[in-house]
Amino acid sequence: MKAFTRFSDNVSAVVGFVLLVTPTYFVAMSALRYEAPGLRFLGSPILMLATLATAVALNAGCILSVKLEPGRPPVLKIALLLRVWNLGEIMFALLLLGALSTYLFVENFAPRASAG
């Protein structure tokens, strides 16, 4: 019995790549200080986090296998498959999340003026 349907490995890799285009575009244009077209719409934090989370979830679904085998006692088997494209996209999404978190920290926290 399957709990959810799985995409093929190639489909999830392509969909993950397409989803990562938006955060990559935003991070690249922000780092280069360009006022690129569509940056206001694409710069929505909810859109950025949603695309990163969706890309990670799609690719994690392809490389992780979780099975519960009935018996005495029940055995939970977790397997990690090494698929280069899927692992690469997960790592790239986490890298983009780190870049966005750093950007958030640097833009929102300014050094305090010393009282003296």
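The values are calculated or read from the model by the stated rules, or taken from the named source; none is laboratory data. Every value quoted in this text rests on a predicted model; they were computed, and no experiment measured them. So basically every Cβ, Gly included, is an ideal-geometry build from the backbone, and we count neighbours across all protein chains shown.
How about segment 1-48: which of its residues are of a type in the set (S, T, N, Q) and modelled with pLDDT under 80? Don't jump to the end; show me each part of the working.
Of segment 1-48, the ones of a type in the set (S, T, N, Q) are 5, 8, 10, 12, 22, 24, 30, 44.
Thr5, Ser8, Asn10, Ser30, Ser44 - these are the residues of segment 1-48 that are of a type in the set (S, T, N, Q) and modelled with pLDDT under 80.
Would you pick out the residues in segment 104-116 that are part of a loop (DSSP other than H, G, I, E, B) and either surrounded by 12 or more Cβ atoms within 10 Å (Cβ to Cβ) or among the polar types (S, T, N, Q) (or both)? Walk me through how you get there before you give the answer.
If we filter segment 104-116 for residues that are part of a loop (DSSP other than H, G, I, E, B), which is where we start, we get 109-116.
Correct list: Ser114 only.
Can you pull out the residues in segment 84-103 that are surrounded by fewer than 16 Cβ atoms within 10 Å (Cβ to Cβ) and either of a type in the set (Gly, Ala, Ser) or touching a residue at least 40 places away in the same chain (Cβ under 8 Å) (or both)?
Of all residues in segment 84-103, those surrounded by fewer than 16 Cβ atoms within 10 Å (Cβ to Cβ) come to 84, 88, 91, 94-95, 98, 101-103.
Scanning segment 84-103 gives Gly88, Gly98, Ser101, Tyr103.
Give me a count of the residues in segment 29-43 that are surrounded by 13 or more Cβ atoms within 10 Å (Cβ to Cβ) and of a type in the set (A, V, I, L, M, F, W, C).
Residues of segment 29-43 that are surrounded by 13 or more Cβ atoms within 10 Å (Cβ to Cβ), as a first pass: 29-30, 36, 39, 42-43.
Within this subset, residues satisfying the condition of being of a type in the set (A, V, I, L, M, F, W, C) are 29, 36, 39, 42.
Residues that pass the stated criteria total 4.
Starting from residues that are over 28 Å from Asn10 (Cα atoms) and of a type in the set (Gly, Ala, Ser), keep the ones in segment 44-77 and report whichever is surrounded by the fewest Cβ atoms within 10 Å (Cβ to Cβ).
Going through the qualifying residues, I end up with Gly71.
Tell me whether segment 55-71 contains one or more residues that are assigned to a helix (DSSP H, G or I), within 22 Å of Arg33 (Cα to Cα) and at pLDDT below 90. First the steps, then the outcome.
Residues of segment 55-71 assigned to a helix (DSSP H, G or I): 55-63.
Within this subset, residues satisfying the condition of being within 22 Å of Arg33 (Cα to Cα) are none.
No: zero hits.
Kindly check whether there is at least one residue in segment 84-102 that is part of a loop (DSSP other than H, G, I, E, B) and either over 25 Å from Leu20 (Cα atoms) or of a type outside the set (A, V, I, L, M) (or both). Steps first, please.
Quick first cut of segment 84-102, residues part of a loop (DSSP other than H, G, I, E, B) only: none.
Looking through segment 84-102, none of the residues is part of a loop (DSSP other than H, G, I, E, B) and either over 25 Å from Leu20 (Cα atoms) or of a type outside the set (A, V, I, L, M) (or both).
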